[in-house]
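The values are calculated or read from the model by the stated rules, or taken from the named source; none is laboratory data. Just so we're clear, the structure is a prediction, and the values are computed from it rather than from any experiment. Positions of Cβ are backbone-derived with ideal geometry, glycine not excepted, and every protein chain shown enters the neighbour counts. Quick note on the areas: whole protein, heavy atoms, side chains included, nothing else; ligands and nucleic acids left out. Shrake-Rupley method; radii C 1.70, N 1.55, O 1.52, S 1.80 Å.
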Amino acid sequence: ADPPPEPRSQVPPWWAVAGLVILPLVVAALVLNQRSWYPVLDMAMTEFRVRDVGTVDTPLIGLPGRIGTFPDQGSHPGPWSFYLVAPIYRLVGSTAWGMELASVVLNAVAASLVLWITRRRGRPVVTLAMAALLALAVRGYGLEELTHPWNPYFPLLLWLLALVGTWSVLEGDRWMLLAVVGAGSVAAQTHVPYFLPCLALNAVALGTLGWRWGRGGDLQSRTALFGGVGLGALLWLPPFVEQFTADEGNISRLIDHFTGAPPEDPIGLVEGTTVFFSHLDLPRGFARMTVEDSSFFDISGQPTGLALGGMLVFLLWAAATVVAVRLRHRTLIHLHAVIGVALAVGWLSMSRIFGRVWFYLTLWA
């Protein structure tokens, strides 16, 4: 049996822990306000789209991407990053800094929700462990990236929210399905490499509630399931409106691109496995983290060889999974199940990358 929970007085409340985690982001936002920034390229297009929100030209799809053949390119699936940035952008006078501030606010909200959901699992020490993980993520991804509204950076902490939300649904916290659907949909719409991993998490969460409803007539699961489906339909409405009103819809472009022959050969399972283990190389990432931020980006591009540190971390995770199963520790089994799904889908996704393994294609890993 699990040991009794610690007295609440021994551990700070989750919101105080969240404040410590997001404090570096707040400081970074204040510093950025003192610097002039003139967006170009992708960021200029982003600002144009943000300005269009609420007008007759409200965007219905995301930024253009490496989808199709230039100049006849498709775009990332959806516009919700623009919708979320727009209110904060306008609140501070429609300045470029407003987009940076919006990134800080949205990442702070995502980190806070991760800790709130973790606290609902009951044990304060788990909240502290998750706070430590978030602090590592902030350090590893870097303040420059987490304050920058570029679409590959925008969903980084939303992806963690989707993971923790899925774990919570497996634990019986039915309404956390909304966090999975919401965070997963925004991440997948903003940058298409998040689509397959987020689709897998949504399938796990929705399937779990559907199975519980069908097996035992759980009416609360049914209600949460309908709520999640409704939220998903609302979030994905703009891309479908564009699909059926444009001459050639973006959804059709995406389907043609990812189901047809790729313009270059995929890197395959062997090289994909090398990329996979490089992302698990916590020893190398942590060593660099002690002297610089953004260390995760050093291991997000083309690897130079098999990462032994990543193999070690994978074996340790596999061993931890076996121990959890033997102990019949329900909470840990559910946690490892979510991690296992994310790793498996991530490995398959990496093996399908074609051309150069650009660092921004696998940041979610």
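Of all residues in region 121-147, those that are open to solvent by 10 Å² or more (accessible area, probe 1.4 Å) and among the hydroxyl-bearing types (Ser, Thr, Tyr) total 1. Where helices (runs of 4 or more DSSP H) fall wholly inside region 51-160, the ranges with 2 or more residues that are β-branched (Val, Ile, Thr) and at pLDDT 90 or above are 80-91, 96-119.
Residues in region 325-339 that are surrounded by 14 or more Cβ atoms within 10 Å (Cβ to Cβ) and either in a helix (DSSP H, G or I) or at pLDDT below 90 (or both): 9 in all.
For region 41-100, residues that are of a type in the set (Phe, Trp, Tyr) and over 28 Å from HIS257 (Cα atoms) total 2. Just one residue in the set ALA102, ALA188 is open to solvent by less than 20 Å² (accessible area, probe 1.4 Å), without any contact (Cβ under 8 Å) to a residue 60 or more places away in the chain and under 30 Å from SER75 (Cα atoms); that residue is ALA102.
Could you check, for region 36-50, whether at least one of its residues is over 21 Å from PRO239 (Cβ atoms), more than 25 Å from the chain's Cα centre (by Cα) and not in a loop (DSSP other than H, G, I, E, B)? Checking region 36-50: not a single residue is over 21 Å from PRO239 (Cβ atoms), more than 25 Å from the chain's Cα centre (by Cα) and not in a loop (DSSP other than H, G, I, E, B). A single member of TRP347, TRP364 is of a type outside the set (A, V, I, L, M), open to solvent by 60 Å² or more (accessible area, probe 1.4 Å) and either in a helix (DSSP H, G or I) or within 23 Å of ALA183 (Cβ to Cβ) (or both), and it is TRP347. When GLY62 is tested against (1) of a type outside the set (Val, Ile, Thr); (2) open to solvent by 40 Å² or more (accessible area, probe 1.4 Å); (3) touching a residue at least 24 places away in the same chain (Cβ under 8 Å); (4) under 23 Å from PHE195 (Cβ atoms), just one condition goes unmet, and that condition is (2). When you scan region 161-174, how many residues do you find that are open to solvent by 20 Å² or more (accessible area, probe 1.4 Å), in a helix (DSSP H, G or I) and not hydrophobic (A, V, I, L, M, F, W, C)? Matching residues across region 161-174 total 1.
Selection of region 193-228 for residues being under 19 Å from LEU363 (Cα atoms), surrounded by fewer than 23 Cβ atoms within 10 Å (Cβ to Cβ) and among the aliphatic types (A, V, I, L, M) yields LEU196, LEU199, ALA200. In the set LEU219, LEU280, only one residue is of a type in the set (A, V, I, L, M, F, W, C), modelled with pLDDT of 85 or more and on the phi < 0 side of the Ramachandran plot; that residue is LEU280.
Test HIS336 against the criterion of being free of Cβ contacts under 8 Å to residues at least 40 places away in the same chain and within 23 Å of the chain's Cα centre (by Cα), and give yes or no. Yes: the conditions hold for HIS336.
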